[in-house]
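Student: Take a look at this one; I'll ask things after.
Each reported figure results from applying straightforward, stated rules to the coordinates on display, with no laboratory input. Predicted model, so just to flag it, every value in this text is computed and none were measured. Reconstructed Cβ throughout: ideal geometry from the backbone, glycine too, with neighbour counts over all protein chains shown.
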Amino acid sequence: MADTKIEQMSISVAKEPSMMTGAIPRKEWMDVPAVFKPGNYCYPGKKDIVEYLDKNLPGKLFGEPREWKVEEDDWKLPENWKEIIIQGMKERLDKFRSFKVFMDCCVRCGACADKCHFFLGTGDPKNMPVLRAELLRSVYRNEFSKASKILGRLAGAREMTFGVLKEWFMYFYQCTECRRCSVFCPYGIDTAEITMMARELLHLVGVNTNWILEPASNSNRTGNHLGLQPHTFAQNAEFLLDDIEEATGVKLNNLTFNRKGAEVLFIIPSADVFAEPGIYTFMGYLLLFEHIGLDYTISTYASEGGNFGSFTNNELMKKLNGKMYAEAKRLGVKWILGGECGHMWRVVHQYMDTMNGPADFMEVPKSPITGTVFENAASSKMVHISEFTADLIKHGKLKIDKSRNDHRIVTFHDSCNPARGMGLLDEPRYIIENVCNAFHEMPENTIREQTFCCGSGTGLNTGEIMDLRMRAGLPRANAVKHVHDKHGVNMLSCVCAIDRATLTSLMEYWNPGVEVCGISELVGNALIMEGEKERDSGLRFEPLAGMEG
Amino acid sequence: MKILQLLIEKEEVIVKRWLKHVLAAFSADANRFLAKQKDRFANPLGHNFSTGLTGLYRHLRSEEPGDVTEILEQLMKVRAVQAEDTPAESLAFIFALKEIIREECRKEWTSELDAEWPELAARIDRLALQAFDLYMACRERLYMVRIRELQSGNHILTDNMKCPSAMVREDMQSKKVENDAEND
């Protein structure tokens, strides 16, 4: 258990310049200002994007659309911004019981203090989860506890000021809502939900980031982050059929879009149809479905599993998520199968059922191949591709040649949301062990429930904070380096689209020579397809072991 | 060389002080954690600093120093993204070793060591030069990572991908430009 107590922190937060803010803190933490410099903040939301969201979601949830600059002292906030924040806090304390409990029940034991990858990578005390939450709690105490208001700083209370707002914007965007700290909290405080609330409040006064708002508004308009229109989305996916044919010799005819009456609706993170290395994961999905003859279809409307709305507020999260059930109903499918995505699964597993359910127009998911009934998804009606694949393997329904992954020495990164958000720990490992000969785990305190975040989740995967991302990803990269040095690991597998994009960058910087893939790519490589040619390359057209010449 | 022998004897105390010097850049609480937590996976920063500095020190005090690139590069990777320091601030810790050695060896210092000192100082300087190259290589790698992300990112699709409505719009716009030019 960590030895840092909040009392100590409040006195001795820092005597030297903060690694993150550059400020020279010779004062208590409340007096240390957040200083924005290029590289330590995300660009704010564009005016037209905020206007669009404001128009499409009632309630003035995104503040006043305007041009503003983070480094300037005038953020062009509404005159009554403090009132808006305090009122917003009050409404949320009434609405979300968990928020109230989390504000009250922390005893500052410090168990979480050294568990955050941002703290471990930056050494900035305000990235200790307890202190990050204190940024919000201090205002809560001042406004909602009479005793604390009277005692003021003695009770850890302080007024909401512009300086506090800046601090919130800095540090609640140095939290990826990965929930590693929550694993160690004796009270089970879900720090991710504290960050969610803080970000909601910031949005109310128009303090936001474009990297989150633009994909969210694109999703609202066309159904996916990039704003790909239906025909472009379909073309991209169909284009990959040619690659599959070239790599395997098999021409697939099973890819359909918006087909009514299909048994299964398949929803993926949209990056899987356009961005490397996600496209190889997508090729793996399609090969698997062909292999077992699954009756499935993909929607061009619900063409995004990811939900950037969940990084803004409950209302937008709910709206973006709503298209999944809406499309399942319109197409008349029996159940939904979901691809390898991270925060999609947090939203699906923890919020969808109560937000947009009950989905009683569907059936309890049942594998048409093995007959397995997925009781765990009896209510949400949505099954994870890894659960589905593991079940197929368990029942011996897949013809597999493991040696086709012999050019890969694999490790597995537990993506935060599937691991801690839904408990998906063993299925991916079971699959890897059945399709690969060389699999090595990273150290125990860096995997499963204790997995380290990629450092770029919750909409922090933007280029302008690359230094910060590399710092935050150090704990993960450090563990990968260990298995790379010890076992020659050259493939970091995962089950998240943001991971596939951001871990690739992380590896390029920290561990060159380690590539990143989805589990389904490994499955696709290993599947023995009917009518296939002699396979000499994998799905990325890389030579298989023994075929290098 | 006598001085190398002395450095071997003093390794523990000098490396410890050197590490303390590096960690002093962090806040008091972080500093305490970084120095104390010995699990290399629970404390990647502290681990990288302590193994890196030990490796560099052993390189400097060896009779026949081998290739130190790997150790130095790992340390520079950390330094190059660790703080918003200037390059000088990031590399200053190498020069600080000179002072630390002189102070820690003050009691044992002899005129013979005085004669040997310039060679050791030159070794430290060479290490600093190599560190500068590696630091820059890390910064450049970081920019390359960013460029690669941009190239594979959404602007490729949104800017280059032609959807029918965009093509019609562009077509209309170019016709308008032509017409305007003719009218002028």
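Student: Based on the alpha carbons, how large is the Rg to Rh ratio for the range A:6-208 when Rh follows Kirkwood?
Tutor: In the range A:6-208, Rg relative to Rh is 0.94.
Student: Per DSSP H run of n ≥ 4, the term is -39500 (n - 2.57); total these for the protein assembly as shown, divide by its residue number, and report the mean residue ellipticity at 222 nm rounded to 500 deg cm²/dmol.
Tutor: When only DSSP H runs of four or more count, the value is -16000 deg cm²/dmol.
Student: Same structure again: So for each of B:143-152, A:444-453, A:266-275, A:28-37 I average, over its residues, the number of other beta carbons within 10 Å; can you give me the resulting order with the highest mean first?
Tutor: My ranking of the peptides, most packed first, is A:266-275, A:444-453, A:28-37, B:143-152.
Student: Roughly how many nanometres apart are two label points built 7 Å out from the Cα toward the Cβ at B:L129 and B:S62?
Tutor: The two pseudo-label positions are separated by 2.0 nm.
Student: Here's a follow-up. For the range A:192-346, take the alpha-carbon Rg, divide it by the Kirkwood Rh, and send me Rg/Rh.
Tutor: 1.01
Student: How large is the Kirkwood hydrodynamic radius of the range A:338-403, in angstrom, based on all distinct alpha carbon pairs?
Tutor: About 13.1 Å, per the Kirkwood formula over Cα pairs.
Student: Can you tell me the Rg and the Dmax, both Å, for the Cα atoms in the range A:404-483?
Tutor: 13.8, 40
Student: Return the equivalent ellipsoid semi-axes of the range A:351-449 as a descending list in whole Å, where each equals the square root of 5 times an eigenvalue of the C-alpha gyration tensor.
Tutor: Output for the range A:351-449: semi-axes of 28, 20, 8 Å.
Student: Compute the whole-percent fraction of alpha carbon pairs in the range A:216-526 spaced more than 30 Å apart.
Tutor: Value for the range A:216-526 (Cα pairs over 30 Å): 27 percent.
Student: Considering only DSSP beta bridges with both partners in chain A, what is the antiparallel share in %, to the nearest 5?
Tutor: The answer is about 15 percent antiparallel.
Student: Next question. Charges at C-beta only: +1 for Lys and Arg, -1 for Asp and Glu. How large is the resulting dipole of chain A about its Cα centre, in Debye rounded to 20?
Tutor: 1740
Student: Further question: For the range B:71-110, treating each Cα as an identical point scatterer without solvent, what Debye log10 I(q)/I(0) comes out at q = 0.25, 0.29, 0.36 1/Å?
Tutor: Normalising to I(0) and taking log10 leaves -0.81, -0.94, -1.13.
Student: Could I ask something else about it? Residue by residue through A:114-126, how many Cβ atoms from other chains fall within 10 Å of the Cβ on average?
Tutor: The per-residue average across the peptide is 5.
Student: Can you pull the one-decimal nm distance between simple spin-label points at A:I369 and B:W117, each 7 Å off the Cα toward Cβ?
Tutor: 7.4
Student: What FRET efficiency would be calculated for the residue pair B:R148, B:E178, taking the C-beta separation as r and a Förster radius of 35 Å, to the nearest 0.05?
Tutor: Taking R0 as 35 Å, the efficiency between B:R148 and B:E178 is 0.35.
Student: Separate question: Which trypsin sites (Lys or Arg not before Pro) from the range A:23-130 combine a DSSP loop assignment with at most 16 other Cβ atoms within 10 Å?
Tutor: Taking the range A:23-130 and a limit of 16 other Cβ atoms within 10 Å, the loop trypsin sites (Lys or Arg not before Pro) found are A:R26, A:K27, A:K46, A:K60, A:R66, A:K69, A:K76.
Student: Using +1 on the beta carbon of Lys and Arg, -1 on that of Asp and Glu, and nothing else charged, what's the dipole of the range B:1-144 about the Cα centre, debye to 20?
Tutor: 520
Student: Continuing with the same structure: Please list log₁₀ I(q)/I(0) at q = 0.15, 0.17, 0.24, 0.25 Å⁻¹ for the range A:49-148, using the Debye equation with identical point scatterers on the alpha-carbon positions.
Tutor: -0.90, -1.05, -1.17, -1.19
Student: Let me ask you something else. Report the Cα-based extents of the protein assembly as shown along its three principal axes, largest first, to the nearest Å.
Tutor: Dimensions of the protein assembly as shown along the principal axes of its Cα atoms: 90, 72, 72 Å.
Student: Please name which of A:S148, A:N254, A:I519 has its Cα lying farthest along the dipole of chain A towards the positive end, using unit charges on Cβ (Lys, Arg +1; Asp, Glu -1) and the Cα centre as origin.
Tutor: Ranked along the dipole, the leading option is A:S148.
Student: Then there is this: What is the average number of partner chain Cβ atoms found within 10 Å of a Cβ in A:440-453?
Tutor: Per-residue shielding by partner chains comes out at 1.
Student: With springs connecting C-alpha atoms under 10 Å apart, model chain B as a Gaussian network and identify which of B:S62, B:S90, B:S174 has the largest mean-square fluctuation.
Tutor: B:S174
Student: If I model the range A:488-549 as equal point scatterers sitting on the Cα atoms and use the Debye formula, what is log10 I(q)/I(0) at q = 0.22, 0.24, 0.27 Å⁻¹?
Tutor: Once normalised to I(0) and log-transformed, intensities are -0.98, -1.07, -1.18.
Student: Below 29 Å, Cα to Cα, which lysines can A:K397 reach? Residues fewer than 8 away in the same chain don't count.
Tutor: A:K251, A:K260, A:K334, A:K366, A:K381, A:K533
Student: To the nearest 10 degrees, how steeply does helix A:497-510 sit against the main Cα axis of chain A, on a 0 to 90 scale?
Tutor: The helix A:497-510 is inclined about 80 degrees to chain A.
Student: May I ask you to derive the FRET efficiency for A:M355 and A:E64 from their Cβ-Cβ distance with R0 = 30 Å, giving the value to the nearest 0.05?
Tutor: Computed FRET efficiency for A:M355 and A:E64: 0.65.
Student: I would also like to ask the following. Averaging sequence separations of C-alpha pairs under 8 Å and six or more residues apart, then dividing by the length of the range A:143-213, give the relative contact order as a whole percent.
Tutor: 22
Student: Additional query: Please give every one of the aspartates and glutamates within straight-line cross-link reach of A:K76, meaning a C-alpha to C-alpha distance under 12 Å, and leave out same-chain neighbours fewer than 8 residues apart.
Tutor: A:E64, A:E67
Student: Number of Lys pairs in chain B with C-alpha atoms less than 18 angstrom apart, excluding same-chain neighbours closer than eight positions?
Tutor: The result is 14.
Student: What is the range B:2-152's relative contact order, in percent, from Cα pairs under 8 angstrom and six or more apart in sequence?
Tutor: Answer for the range B:2-152 is 29 percent.
Student: Run the quick spin-label model on A:E449 and B:A92: label points 7 Å from Cα toward the beta carbon, then report their separation in nm to one decimal.
Tutor: Computed distance between label sites A:E449 and B:A92 equals 4.4 nm.
Student: In percent, what relative contact order does chain A have, based on Cα pairs under 8 Å that are 6 or more apart in sequence?
Tutor: Once divided by the residue count of chain A, the mean separation gives 15 percent.
Student: Still on this structure, I have one more. Using the Kirkwood radius over Cα pairs, work out the Stokes-Einstein diffusion coefficient for the range A:417-459 at 37 °C and 0.692 mPa s, in µm²/s as a whole number.
Tutor: 281
Student: For the range B:1-157, would you read off the P(r) tail past 22 Å as a percentage of all alpha carbon pairs?
Tutor: Of all Cα-Cα distances in the range B:1-157, 47 percent exceed 22 Å.
Student: Hey, another quick one. Just how large is the dipole of the range A:290-361 about the Cα centre, in debye to the nearest 20, putting +1 at every Lys and Arg Cβ and -1 at every Asp and Glu Cβ?
Tutor: 240
Student: Here is a further query. How big is D, in µm² s⁻¹, for the range A:328-368 by Stokes-Einstein at 25 °C and 0.890 mPa s if Rh is the Kirkwood radius over C-alpha pairs?
Tutor: Translational D for this selection: 216 µm²/s.
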